[in-house]
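The values are calculated or read from the model by the stated rules, or taken from the named source; none is laboratory data. Not measured: the values here are computed from a predicted model. Cβ atoms come from the backbone with ideal geometry, glycine included; neighbour counts cover every protein chain shown. Protein only, heavy atoms only, side chains kept; ligands, DNA and RNA dropped before computing areas. Shrake-Rupley method; radii C 1.70, N 1.55, O 1.52, S 1.80 Å.
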Amino acid sequence: MQGLILLNKPKDITSFGAVAKLRRLSHEKRVGHTGTLDPMATGVLPVLLGKATALSGLLLDADKRYTAGIKLGITTDTDDITGNILKQSKVSVTAEQLHEALLHFTGKIEQRPPMYSALKKDGVRLYTLAREGKTVDIKSREIEIFSIELISELNADNIFKIDVHVSKGTYIRSLARDIGEYLGCGACLDSLERTYTGGFSLSECVPLDSLTEENIHDCCLSEERAVGYLREVSVTEKQAVRFCNGGQLDFDRLKPNKLSDGELIRVKLADKFLGIGYADLTKNQLAIKCIVGYPGEEDR
């Protein structure tokens, strides 16, 4: 089985667990998601199957959108409501102060990832170190928060909700923590739903529990949709065979419009998606990034 499944991940299951279920239903060993969601989080999780998993890395850089609930007055070791409470504080935040805080964190900012994350320190996952009671210095990195919109004002439980659009590498748990620090009362993430990533919205996704061995093929889309934003180049059958066998293609024969060095390009034989190439301007050639289909191969 090969293609793309747009999954609406349920709460209380890891992204790995969701992938494992799809592996069982599809009877396909090669299955991979394109951006981890924490167990408490729900929402858009694009999953690639078969040779399409070669495209996974291309979706990791996509910007993302979330609906997030943030609870003021509580600080935890995981920066979300599932963690151990480290501190509780009185909350006396006005609507004006909350709006100002959201504005403060809009744009390009430095963000320190949470200790409970899959990032590595000297080859060891940070969450592994955290579970062992160890702490390490985590360097901040630049991320961009394109917009934050308050969609639910602070309620009696000291929770407010935001719609937030962010660049790759942004941790919403860290954003919640930092907003709490800025307001002086602490905060943690109370709920999280990913509503958009890589050009896909929540309305296009299928619930994990609705998938069966009988209907999973009907829910499997062409993997080309995952990279539809890339420029396309058409090749002849002879060029297609050469490309799929590891050969570079001369731009003199392809005659593409102006390219930038390293630009990724979809390669197609008529309507058949073969894979991704990249522009090697030094050699004036289209080089191979990955192959997902072959000339003469039946569509799945």
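Anything in the stretch 1-20 that is open to solvent by 10 Å² or more (accessible area, probe 1.4 Å) and among the hydroxyl-bearing types (S, T, Y)? List them, or say none.
T14
If you go through the stretch 60-108 and keep only what is open to solvent by less than 90 Å² (accessible area, probe 1.4 Å) and free of Cβ contacts under 8 Å to residues at least 40 places away in the same chain, you end up with T94, E100, G107. For R23, the conditions (1) open to solvent by 40 Å² or more (accessible area, probe 1.4 Å); (2) touching a residue at least 40 places away in the same chain (Cβ under 8 Å); (3) not polar (S, T, N, Q) are fulfilled apart from (2). Only residues that are farther than 19 Å from V241 by Cβ and touching a strand residue (DSSP E or B) at 6+ places or on another chain (Cβ under 8 Å) were counted in the stretch 258-300, giving 11. The selection criterion, being free of Cβ contacts under 8 Å to residues at least 40 places away in the same chain, in contact with a Ser or Thr (Cβ under 9 Å, 6 or more places away or on another chain) and either surrounded by 12 or more Cβ atoms within 10 Å (Cβ to Cβ) or under 16 Å from L4 (Cβ atoms) (or both), does not hold for L202.
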